[in-house]
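I have placed the structure first, in the form of structure tokens, so that the comments after it can refer back to it.
FYI, it's all coordinate maths here, none of it is from the lab. Because the structure is predicted, anything quoted here is derived from the model rather than measured. Backbone-built Cβ (ideal geometry, glycine too); neighbour counts: all protein chains shown.
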Amino acid sequence: MVSADSSLIAAAKLAGRIVTDEFDSEIERLLNAALLDMGVAGVELPASLDALVATAAITYFRLHFGTPDDYERLERSYNEQKAQLSTNSAYTTWTVNHG
């Protein structure tokens, strides 16, 4: 299973304007939840997380950390990112049989 590494945690903290290490365990838990959620949706996560997967995970983190003023916008954004990944052949093992 792919999990959040220190660079993804640092990127999430930057996106959330968080300057303390006090919330690192919660941030890591939320990022891992995002990665699991994408997996449930059929996204095959690369061993080394790329920008698209990292951005979706950070959006999930921002959606679930605290009480964001823009919850609905973040929810729509995350769901769209997850849907795009789950239908992209680079992130799935789905096969199409023609005929």
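Spin-label model, GLU72 to LEU14: label points 7 Å out along the Cα-to-beta-carbon direction sit 3.1 nm apart. With helices as the sole contributors, the chain gives -18500 deg cm²/dmol at 222 nm; each DSSP H run of n ≥ 4 counts as -39500 (n - 2.57), and the sum is divided by every residue.
Classified by the C-alpha gyration tensor, segment 6-91 has an oblate form. Its axis ratio a/c, with a ≥ b ≥ c, is 1.5 or above, and a/b does not exceed b/c. Rounded to the nearest 10 degrees, the angle from helix 71-86 to the longest Cα principal axis of the chain is 30 degrees. Compared with the dominant principal axis of the Cα atoms in the chain, helix 6-15 is inclined by about 70°.
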